[in-house]
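Laboratory data are not the source of any read-out in this text; all were calculated from the coordinates shown. Owing to the predicted nature of the structure, the values given are computational and were not obtained by experimental measurement. Neighbour counts are summed over all protein chains in view; Cβ atoms, including those assigned to glycine, are modelled from backbone coordinates with ideal geometry.
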Amino acid sequence: MHIKRMMQGDVMVLAMTGKFIGGIDHEQFTAEIKSLIADGHVDMILDMEKVTFVDSTGLGSLVAGMSTLKKSAGRMAVCCVPDRVDIVLEMTKLKMVFDTYETSEQALASFPA
C-alpha cells in the first residue's frame, strides 16, 4: 500500500493506493496516523478510491486509526470507497461506524471551517 499526504485547509487527506492488508501495511498506516497526530494533524480524510482490497487486519487498522484520532480530539472521514471495499464495510457493519462520503469534496465539507 502507498499513502500520499495532501493538506486541504486544516484537514489532512491521505490518498491510499493498493491493497490494505496486515503486516507492513498495518504498521505503515499506524505509524502514519501517529506521526500526523504528533505533528498536530488530528482531522483526516482517507481517500480510498485506489484501494483494491482490504482484509480483516486492514479493517482493524482503520478502526484503530479512527479510535486514536478520537482520543486526540480529532476525526476521520472516509471517501471514494470502491464497490469491492464498500461491500466489505457493509457486511461487517463498519459502514455505520465510519463517516463515509461519495467524494472527497463532500468529506471535506463535513469538517467545521
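Below is a table of values for the structure above.
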read-out: Selection count where residues are out of contact with any His (no Cβ under 7 Å at 6 or more places or on another chain) and part of a strand (DSSP E or B), scope region 1-18; value: 12
read-out: Qualifying positions in region 5-57 - touching a residue at least 60 places away in the same chain (Cβ under 8 Å) and aliphatic (A, V, I, L, M); value: VAL11, VAL13, ILE45
read-out: Listing of helices (runs of 4 or more DSSP H) fully contained in region 19-113 that carry 3 or more residues being within 14 Å of the chain's Cα centre (by Cα), within 14 Å of ARG5 (Cα to Cα) and of a type in the set (A, V, I, L, M, F, W, C); value: 24-38
read-out: Residue check for MET6: in contact with a Gly (Cβ under 9 Å, 6 or more places away or on another chain) and of a type outside the set (Ser, Thr, Tyr); value: no
read-out: Pick from region 1-52, criterion touching a helix residue (DSSP H, G or I) at 6+ places or on another chain (Cβ under 8 Å), more than 20 Å from GLU102 (Cα to Cα) and of a type in the set (Gly, Ala, Ser), ranking: surrounded by the fewest Cβ atoms within 10 Å (Cβ to Cβ); value: GLY23
